[in-house]
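Trainee: Attaching a single structure in structure tokens format; questions to follow.
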Amino acid sequence: MNQECIGKFIASCRKEQKLTQEELAEKLGITAKAVSKWECGKGLPDPSIMLELCKILKITVNDLLSGERVSKENYQDKLEQNIIDTIDYSNRKVSEQNKTISKILLFFGFCLTFLAFFIFPSDSSWGGIYSLIGLVISLIGFIRLNKKLSYLKRIFLSFGYFLLGIIVLLIVDYSNVVLNKVAPRFSYLKETGDSMIVYKALFYNVYRINRNTKNEYYIIDTKKQYREDNIPVTPFNRDKSGIDNIIKYKNKYVGNNSNDSHLIDNLPLAEYGYVFEIDSKNLGLTIDYHITDWYVNENKYLEKSLLYNSVSIFYLIDNVQYITFNFSGNSYTVSRDKVKELYPNFNDIVTKNNFNNYLENKMNDNDFVQDMFKRIFID
């Protein structure tokens, strides 16, 4: 069945009947564009209008499908050939439609899976649910595209496709957790405690600490070595204020404004805004915070922050001799000599582990914080 030949025949017969494409289209109740498409050989008339078309053009369906007027001698042979060609054409059209539908399912499934990672928050179960729905939809499209393969091959390929899709989703989810410090979408268990949420994924756990606060941070436990009773918990944002981050600002001299600014910016209380100045003569540092001191003292947050900041600055900037912390309500001044004298093991804080043991972990002991704060800042 030659579509180009049939198209030229339709155009010729239309002209014989002195009809324009628009007039023929109007008689058939279709668009002129459809008629143009036939005559260009880009499609065939729908079977539902073939009889009406042939009646208008004063030809037979056999003539139409042959692309020429068929003589009586060849009529039967052409009819049989046209029937076979029509069946073949119909099968090809159905196959093309199935491929189109399969590709649409495949594409839609990919899009749904991809968008689920951006539309829903990472800790929402809906993101994982819609990602899996998208994967299943794309799997249906994949199965339809491989209908010509044997049953066993289709089963094998479909299982491999689904397994690969699950692996890719898990890898993307883990990468998102590591890079963006968020909760995993594909966790099989979520445990909520007083100060943290634990997400248990297939190969790792994620601890969300200080949830829904300015100091929220995540710990990704790939070795599954932590439990709620031994996970490093601090009242501050550990990703910013922890020794693993602030150690890079260690310096021998105060006065390097860029280094000093970065250090202060990563320590607690910086989230409320601040300015600082350096006393080069007496080797001092004054930090003016844009907040009232009593306003930030829930659960001794002020005392913990000032104690943590003082020890951190004295540890990381070798020649600082005093620090003054100014608030709209009060000022607090501390000297290196007083911290060295009163703070336990200050001289031993030379490694990251010691820093965490002697300073970070102590921030969870309210009695210790209160006692040290009173001795260092008040007495």
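The values are calculated or read from the model by the stated rules, or taken from the named source; none is laboratory data. Everything quoted here is computed from the prediction, not taken from an experiment. Positions of Cβ are generated from backbone atoms using ideal geometry, with glycine treated the same way; all protein chains shown enter the neighbour counts.
Trainee: Which numbered condition in (1) crowded, with 17+ Cβ neighbours inside 10 Å; (2) of a type outside the set (Ser, Thr, Tyr); (3) over 25 Å from Ser125 (Cβ atoms) is the only one that Arg208 fails?
Mentor: Failed condition: (3).
Trainee: Got a sec? Which of Lys103, Lys99 is over 25 Å from Asn212 (Cβ atoms), in contact with a helix residue (DSSP H, G or I) (Cβ under 8 Å, 6 or more places away or on another chain), modelled with pLDDT of 90 or more and among the charged types (D, E, K, R)? Outline the logic, then answer.
Mentor: Values: Lys99 fails: modelled with pLDDT of 90 or more.
The conditions single out Lys103.
Trainee: Turning to a different aspect of this structure: Gln76 - would you say it is over 30 Å from Ile209 (Cβ atoms), surrounded by fewer than 16 Cβ atoms within 10 Å (Cβ to Cβ), in contact with a helix residue (DSSP H, G or I) (Cβ under 9 Å, 6 or more places away or on another chain) and not assigned by TED's automatic domain parsing to the domain that holds Val206?
Mentor: no
Trainee: Within segment 130-145, is even one residue β-branched (Val, Ile, Thr), under 30 Å from Asn212 (Cα atoms) and crowded, with 18+ Cβ neighbours inside 10 Å? Working first, answer last.
Mentor: Taking segment 130-145 as the starting set, the residues that turn out to be β-branched (Val, Ile, Thr) are 133, 136-137, 140, 143.
Going one step further and asking which of them are under 30 Å from Asn212 (Cα atoms), we end up with 133.
Imposing the further condition that a residue be crowded, with 18+ Cβ neighbours inside 10 Å reduces the set to none.
No: zero hits.
Trainee: Looking at Leu263, is it surrounded by 14 or more Cβ atoms within 10 Å (Cβ to Cβ), in the same structural domain as Thr351 (by TED's automatic domain parsing) and either β-branched (Val, Ile, Thr) or closer than 30 Å to Val178 by Cα (or both)? Quick ask: steps written out before the conclusion?
Mentor: Working: surrounded by 14 or more Cβ atoms within 10 Å (Cβ to Cβ): yes; in the same structural domain as Thr351 (by TED's automatic domain parsing): yes; either β-branched (Val, Ile, Thr) or closer than 30 Å to Val178 by Cα (or both): yes.
It is true that Leu263 is surrounded by 14 or more Cβ atoms within 10 Å (Cβ to Cβ), in the same structural domain as Thr351 (by TED's automatic domain parsing) and either β-branched (Val, Ile, Thr) or closer than 30 Å to Val178 by Cα (or both).
Trainee: Let me ask you something else. Would you pick out the residues in segment 183-196 that are touching a strand residue (DSSP E or B) at 6+ places or on another chain (Cβ under 7 Å) and either in contact (Cβ under 8 Å) with a residue 60 or more places away in the chain or of a type in the set (D, E, K, R) (or both)?
Mentor: Answer for segment 183-196, where residues must be touching a strand residue (DSSP E or B) at 6+ places or on another chain (Cβ under 7 Å) and either in contact (Cβ under 8 Å) with a residue 60 or more places away in the chain or of a type in the set (D, E, K, R) (or both): Ala183, Pro184, Lys190, Glu191.
Trainee: Among the residues in segment 328-338, are any over 22 Å from Asp371 (Cβ atoms) and not polar (S, T, N, Q)?
Mentor: Yes - at least one qualifying residue is present in segment 328-338.
Trainee: Okay, next question. Which of the residues that make up segment 292-314 are farther than 23 Å from Lys340 by Cα and surrounded by fewer than 17 Cβ atoms within 10 Å (Cβ to Cβ)? Write out each step before concluding.
Mentor: Pass one, segment 292-314, residues farther than 23 Å from Lys340 by Cα: 292-299.
Result: Thr292, Trp294, Tyr295, Val296, Asn297, Glu298, Asn299.
Trainee: Looking at segment 345-358, which of the residues that are surrounded by 18 or more Cβ atoms within 10 Å (Cβ to Cβ) and within 36 Å of the chain's Cα centre (by Cα) is farthest from Phe236 (Cα to Cα)?
Mentor: Phe355
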